[in-house]
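The values are calculated or read from the model by the stated rules, or taken from the named source; none is laboratory data. Only a predicted model underlies this, so the values are computations on that prediction, with no experimental measurement involved. We place every Cβ from the backbone using ideal geometry, glycine too, and count neighbours over all the protein chains shown. Areas reflect the complete protein model, heavy atoms only, side chains present, ligands, DNA and RNA absent. Shrake-Rupley method; radii C 1.70, N 1.55, O 1.52, S 1.80 Å.
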Amino acid sequence: MIEHNDIDRIPGRSTTGHEWDGIRELNTPLPRWWILAFYATILWAIGYWVVYPAWPLLSNYTTGALHYSTRASVVSDLAGLEKLRGEKMAVLGKASLTEIENDPALLALARARGKTVFADNCAPCHGSGAAGAKGYPNLNDDDWLWGGSLDQILQTIQFGARSGHAEAHEGQMLAFGRDGILKIGEIVTVANYVRSLSGLTTAANFDAAAATRIFAENCAVCHGENAKGNQALGAPNLTDGIWLYGSDEATLVETISYGRTGVMPAWSGRLDPITVKALAVYVHSLGGGQ
Amino acid sequence: MNKTVSQDDLLIEEDRPLYVAHRTVYPQSVRGTFRTIKWRLMAVCLGIYYLLPFVRWHRGLGAPDQAVLLDLPNRRFYFFFIELWPQELYYFTGLLVLAAMALFLMNALGGRIWCGYLCPQTAWTDLFYAVERWVEGDRRERLRAAARPITMGRAAKRVLKHAIWLTVAWWTGGAWVLYFADAQTLVRDLATFQAPAIAYIWIGILTASTYLLAGYMREQVCVYMCPWPRIQAALTDEWALNVTYKYDRGEQRCSLKKSVDLRARGERVGDCIDCNQCAAVCPAGIDIRNGAQLGCIQCGLCIDACDAVMKKVGRKTRLIGYDNDINIRRRMDGKSELFKPVRPRTIVYASLIAVVCAVMLYALLSRTLLDLSVLHDRNPVAVKLSDGSIRNGYTVRLLNKRGFDRVVAIDIDGPPEASVHVVGVDSVTVDRPMIVLARDTTTELRVLVTAPVDNKSERSMPVRFRVTDIGLGEVASATDHFVLP
Ligand code: SF4
Ligand code: SF4
């Protein structure tokens, strides 16, 4: 109800009667299209209530005429995705590991699949770039505890190491100190010896002859006479420049005294065989594969 | 003389609304120089637009043979002998710069000639006006009809007009989509309703916009929607030729009969006989005699109209003509007219156009059809191998822009004694990785560079990747870094 009689001179229409710093607003009715759109949105809302889940109830909600559920649609989307991928992935399943690596298209496919699976499953230990960390091998380099060929990598991923799986890699670095096999002096000596094998500096008073004897009697069984390691036992090569836990004297003394038993889980039960295969190709293609 | 102007009148003049409700314009048909130019330009422009998709250009087996094609799904643009990849979109930047410069130059020479002769809005509006005139008659007929109640015959004419408009609009939208797919196939698919939905949607959008913009909004588009008039008005200067009513010659306007009487008595009267022909033919519905106006698209039709009148009454033509601001003053002062198309501004624009053209031409002629890009691994940036050497990983993307498969070799110039290895390739050739590049595609490779390092090595060394086409000898290279951990 307009009680004032305030007509704007130029368009000759009434105003709202309010004034802000000399500006008055025309009392313009809402446009018809706007009103119609407004009613349309109300109708739309009602339709929405009927068709889709909308109203929360005490212990449940109205499910709507379409029984739409985001969870169900995600499940069906995922199923569709699996189906879509399945066709392409099946090709990977049929080809051998070497065939995959030598076919650019298959290699690209396996690497793409491997990369995402690696990020989801392996990155927590080995790092997103597979560069590893102390105690977790760098998968980019060419130093492999259990072998770096395609088949060996596949096997390690499938069954793991010390994972409890029947076919897992087994191998034990003994706790020479804790179990009283070697005395602390001998441990320090052999630690220095091991450093000398890969060209690192040794302590001044280090007794090389004693060290050679201690090594031959205690360590050579697993690491070999020449300390080049043994992949069947997961015994690392002690003559190269790569150290899983570190190469300083204190770390080596700790390793020899208490032993090391890193665990790699078995993935065969958790990932499907084609995915594991793709993963093996991906890890091999990081560059260190043999 | 001393007519008092009320305060109200002044205010209303100032408070004129920003938007004037649409008034229908009934432009009269006209003949003359500029009308002819407009017809010819329209024929050329629309002809190119409608027919270009059907022009063929042979590019070899498997490649599309359409001269102009924007192949969005495959991300390729074909323009006669040029095939552009998405990486080369900067050519379009060059084209846009060229377009802007050309517009500036046109503007410095002849004002809004783009608006009057070349703008699509002008071309299609002109076409729609022609249809309207052909079906419903010329200005006078339509004005008369508009004042009277509608009859059956006129309703039928109106239906016919809209049908033709819609056909033109529909064909306009149809031609648009033909630039994005093989034209002949698409026409067949469209006719048999096999074409993708997106094609129909775009035809719908362009049909609607052509019909509405050219059929209904017309000069409103130029006044309220288009940003060019503002930009061009800001660019123009006193030397630019604009459609101008030469009021120094035309005023005082005076009817023909009266002017003959007055002239016989030796009094000075202007040449304009106030016949209003110039306003009647104007598609923007303005009277050029009121001076330069935002609505004027500089189409020159008023020149044709006035020239016809002047010829009929035996006076000199070009009472309305392309003229610059300076000449009015000069003529009034009794000096000769002055035109200066060559002046610093036009020289700058023209040379910029030449430079951009030259740069683009050079880039186009010297562009390689073999290319590569290199991306260094970021995690880890470097890997130490068991023998103490260092390896860096790179993602190398090779581009083969040729229409056939080819074999390339990869070499590096990098740290001393560095070796290169391509994952998945070394089992074929050991010493120098060879790769097959499929035609018209990119190939992504994982490339590993290994180098023995000693403590004298620098922490970061440049490494140059070189790919060589074994058959053609084409070479491309890119540089990255080899870093130590
Ligand atoms: S005034 Fe003349 S030049 Fe301007 S739009 Fe009208 S007819 Fe064209
Ligand atoms: S057409 Fe020429 S003579 Fe007629 S009104 Fe316009 S300017 Fe005057």
Somewhere in the stretch B:246-254, is a residue within 14 Å of ligand 1 (Cβ to nearest atom), away from every other protein chain (no Cβ under 14 Å) and exposed (fewer than 13 other Cβ atoms within 10 Å of the Cβ)?
-> no
Selection within the stretch B:444-466 - open to solvent by 50 Å² or more (accessible area, probe 1.4 Å), away from chain A (no Cβ under 14 Å) and assigned to a loop (DSSP other than H, G, I, E, B) = B:456, B:458, B:459
Within the stretch A:110-132, work out how many residues are within 13 Å of chain B (Cβ to nearest Cβ) and either within 23 Å of residue A:232 (Cα to Cα) or open to solvent by less than 40 Å² (accessible area, probe 1.4 Å) (or both).
-> 10
Options B:139, B:144; residue that is more than 16 Å from ligand 2 (Cβ to nearest atom) and of a type in the set (D, E, K, R) = B:144
Which of the following residues is part of a loop (DSSP other than H, G, I, E, B), on the phi > 0 side of the Ramachandran plot and more than 12 Å from every other protein chain (Cβ to nearest Cβ): A:177, A:199, A:164?
-> A:164
Do we find that residue A:238 is buried (at least 19 other Cβ atoms within 10 Å of the Cβ) and closer than 30 Å to residue A:109 by Cα in this structure?
-> no
Kindly check whether there is at least one residue in the stretch B:367-376 that is within 14 Å of chain A (Cβ to nearest Cβ) and either under 30 Å from residue B:62 (Cβ atoms) or at pLDDT 90 or above (or both).
-> yes
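Condition check ((1) out of contact with any Phe, Trp or Tyr (no Cβ under 8 Å at 6 or more places or on another chain); (2) modelled with pLDDT of 90 or more; (3) under 23 Å from residue B:165 (Cα atoms)) across all residues:
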| site | (1), (2), (3) |
| --- | --- |
| B:200 | yes, yes, yes |
| B:208 | yes, yes, yes |
| B:213 | no, yes, yes |
| B:228 | no, no, no |
| B:232 | no, no, no |
| B:237 | yes, no, no |
| B:245 | yes, yes, no |
| B:251 | yes, no, no |
Taking helices (runs of 4 or more DSSP H) that do not extend beyond the stretch A:1-103, which have at least 1 residues that are under 30 Å from residue A:155 (Cβ atoms) and open to solvent by 70 Å² or more (accessible area, probe 1.4 Å)?
-> A:70-94, A:97-102
Which residue out of B:205, B:231, B:201 is closer than 22 Å to residue B:20 by Cβ, in a helix (DSSP H, G or I) and open to solvent by 30 Å² or more (accessible area, probe 1.4 Å)?
-> B:231
How about the stretch A:218-243: which of its residues are in contact with a Gly (Cβ under 6 Å, 6 or more places away or on another chain) and in a loop (DSSP other than H, G, I, E, B)?
-> A:231, A:233, A:234, A:236, A:237, A:241
Kindly establish whether residue B:402 is part of a loop (DSSP other than H, G, I, E, B) and over 26 Å from residue A:278 (Cβ atoms).
-> yes
Between residues in the stretch B:257-274 that are farther than 22 Å from residue B:290 by Cβ and residues that are open to solvent by less than 90 Å² (accessible area, probe 1.4 Å) and away from ligand 2 (no atom under 11 Å from the Cβ), which pairs lie under 7 Å by C-beta distance while being six or more apart or on different chains?
-> B:262/B:269; B:263/B:269
With the condition kept exactly as written, say whether any residue in the stretch B:74-83 is assigned to a loop (DSSP other than H, G, I, E, B) and either open to solvent by less than 50 Å² (accessible area, probe 1.4 Å) or modelled with pLDDT of 95 or more (or both).
-> no
